Amino acid sequence: MVSKDWWWGRSASVDLHDCDPKLVKNPAAIKRFVKHLAKELQMHMVGPTLVKRFGHGQLRGYSMMQFIETSTIVAHFDEKGNRAFLDIFSCKTYSAKKVAKFCKRYFKAKNYQLYVEERK
C-alpha cells in the first residue's frame, strides 16, 4: 500500500496490440467498454463519454475521454494497426494489472504492455 501522505494517484497506460478491428472501429463498442471498465473499477462516470474519430493518412481512428469521480479514462484507437492506447488516472487505488487484462479481453487483443506510475 502506498502512503497517502505523498501519493496523489495511480496512472496506468495500457497498449493493446492486434485487437479485433470491429471493436476498435466501433464508437458504440468503445462507449460500452467505458461503462464496463468503470463498473470493473467500481468508479462512477461523470457526464457523457466523448468519442470522436479524426486523424489523417495512416493516423486515423477514434479517441475517447471519460471523466470519472476520481479523474479520467482516455483512449486512442489506431484503425490501421488495430491497436488501442488507454490511460487510466485515479486518486482511488485500483489494480493496474487487473485493468490491463480486462482491456485485453474486451478488445480481444493478442497482447498488451502495461506501464504504471504512482503520481505524487
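Worth a mention:
- Only one of VAL46, VAL51, VAL24, VAL34 that is within 26 Å of ARG119 (Cα to Cα), of a type in the set (A, V, I, L, M) and either modelled with pLDDT under 95 or under 15 Å from the mean Cα position of the chain (by Cα) (or both): VAL34
- Residues satisfying the stated conditions in the stretch 43-60, i.e. of a type in the set (A, V, I, L, M, F, W, C), over 14 Å from VAL74 (Cα atoms), in contact (Cβ under 8 Å) with a residue 12 or more places away in the chain and assigned to a strand (DSSP E or B): LEU59
- Residue list for the stretch 51-66, filter: crowded, with 16+ Cβ neighbours inside 10 Å and among the aromatic types (Phe, Trp, Tyr): TYR62
- Checked against the criterion of being over 17 Å from PHE89 (Cα atoms), of a type in the set (Lys, Arg) and surrounded by fewer than 13 Cβ atoms within 10 Å (Cβ to Cβ), the stretch 38-50 has no qualifying residue.
- Among the residues of the stretch 71-118, the ones that are touching a helix residue (DSSP H, G or I) at 6+ places or on another chain (Cβ under 9 Å), in contact (Cβ under 8 Å) with a residue 40 or more places away in the chain, not basic (Lys, Arg) and not in a loop (DSSP other than H, G, I, E, B) come to 17 in all.
The values are calculated or read from the model by the stated rules, or taken from the named source; none is laboratory data. Here the structure is a predicted model, which means the values were calculated and not measured. Note that each Cβ is placed from the backbone with ideal geometry, even for glycine, and that neighbours are counted across all protein chains shown.
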